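Please treat every number below as a calculation from the coordinates, not as lab data. For clarity, every value in this text was computed on a predicted model and none was experimentally measured. Here the Cβ positions follow ideal geometry from the backbone for every residue, glycine too, while neighbour counts run over all protein chains shown.
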Amino acid sequence: MPVGVEGIEVEPVTRWLAERASVTPPLDFAVVQGGRSNLTYTVTDADGRRLILRRPPLHGVLQSAHDMGREHRIVSALADADVPVPPTVGHEDDPSVTGAPFYVMEFVDGVVVRDAETARTRLDADSRRKASEDLVDVLVRLHEVDVDAVGLGDLARREDYLARQLKRWHGQLQQGATRELPVLEDVHARLSADIPAQGPATIVHGDYRLDNLILDPATGHVQAVLDWELTTLGDPLADLGLLQVYWGEAGDDVLPLLDSPTVVDGFLTREQVATRYAERSGRDVGELDYYVAFGYWKLACILEGVYSRYASGAYGETDDSFEAFGQMVLALGERAAQTAARAGR
């Protein structure tokens with residue numbers, strides 16, 4: 001009898017998969033490390049076939065968050081678009097199978113570059129440059145997708161994206177925070193008071209960054225874009241702003257990814273990333289500082305929720321390393337305030 005992992009009921013999930021994916025039991029389940037929100041598992045059958053299963057945290061789930069059906073719908077809809085996504089296997093909304101809704105997708109071979117060591121050892125300098133370029137080009141193609149043609153036109157309201165996001169994440173912060181965070185309240189007020197005009201709405205990934213991509217280590221090309229949990233319709237420059245937040249460079253005193261892979265030689269600089277996006281998309285990035293400030297603030301709100309869930313045990317038994325999330329929230333809040341000031345807010 002295979003040994004289960006927390007969050008997975010082995011026998012019901014095995015039956016579910018056997019009906020949909022022709023797997024060969026027994027199945028082995030392993031938690032994929034690195035996720036900050038939904039739980040992700042590698043599923044390996046007796047023949048070595050691998051799948052990926054995603055489900056919400058064990059408890060402490062906020063209202064409107066962790067919608068597995070919505071994430072499955074987005075990934076499935078993009079299967080025929082010019083955006084690389086993993087093929088989906090199916091979605092289950094009935095929590096009786098394993099305690100929560102979940103969905104399953106095919107395993108995509110490649111490398112996820114989460115840290116500097118992986119960047120150095122799995123990608124050569126040329127592949128790092130190509131990964132930077134392809135990452136930008138994939139984002140441009142995502143923002144060019146005809147949302148109505150792929151069946152996502154009703155995914156969300158298209159107008160007032162930033163106002164809606166500021167309201168949403170401020171609400172999540174108030175609901176999930178366990179402490180006073182005046183810097184985040186101040187930045188929220190400043191960003192809300194002077195929002196840039198939004199152009200035509202596009203798909204917005206909501207968490208687009210290097211370690212949410214699977215890369216071909218030989219070429220650096222993007223094999224698949226992952227983690228569509230925060231995807232909606234709205235202002236595409238929000239994706240570019242958040243990408244700038246995550247894109248660490250040597251000498252940065254705040255690194256949201258503590259061991260940022262993009263500090264390694266060969267990756268484009270933040271400025272080069274922004275310039276390539278502007279050239280390939282034709283969009284004006286003159287207000288980019290606003291979107292970067294919003295990115296810092298939004299990420300701080302998200303990490304405060306993660307910090308609170310870790311502290312409450314929502315991700316299962318853990319050590320005290322999650323305290324770093326709490327410290328990062330404060331650092332991101334300060335950086336958001338500084339960048340908002342640079343943007344004239």
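Descriptive notes on the structure:
- Extending 7 Å from Cα along the Cβ direction at Q174 and again at E271 yields two label points whose distance is 4.1 nm.
- In the chain, the longest principal axis of the Cα atoms and the axis of helix 270-281 are about 80 degrees apart.
- Cleavage-rule hits (trypsin sites (Lys or Arg not before Pro)) in segment 113-215: DSSP loop, at most 12 neighbouring Cβ within 10 angstrom: R157, R179
- Spin-label pair D253-A30: with each label point 7 Å from Cα along the Cα-Cβ axis, the two points sit 4.0 nm from one another.
- Rounded to the nearest 20 debye, the dipole magnitude of segment 10-106 is 240 debye, with +1 charges on Lys and Arg beta carbons, -1 on Asp and Glu beta carbons, and the Cα centre as origin.
- Electrostatic dipole magnitude of the chain [Cβ: Lys, Arg +1; Asp, Glu -1; Cα centre; debye, to 20]: 460
- Every pair of different Cα atoms in the chain enters the Kirkwood calculation, which places the hydrodynamic radius at 20.8 Å.
- Expected 222 nm ellipticity per residue - DSSP helices of 4 or more, -39500 (n - 2.57), all of the chain, to 500: -13500 deg cm²/dmol
- Over segment 79-145: Kirkwood hydrodynamic radius from C-alpha pairwise inverse distances, Å: 14.9
- Positive-end residue, segment 116-342 charge dipole about Cα centroid, Cβ charges, pick of H205, Q272, V329: H205
- On full extension, the segment bounded by E117 and E159 gains 11.0 nm, given 0.36 nm per residue less the C-alpha separation.
- Once the chain from A21 to D109 is taken as fully extended at 0.36 nm per residue, the excess over their C-alpha distance is 29.9 nm.
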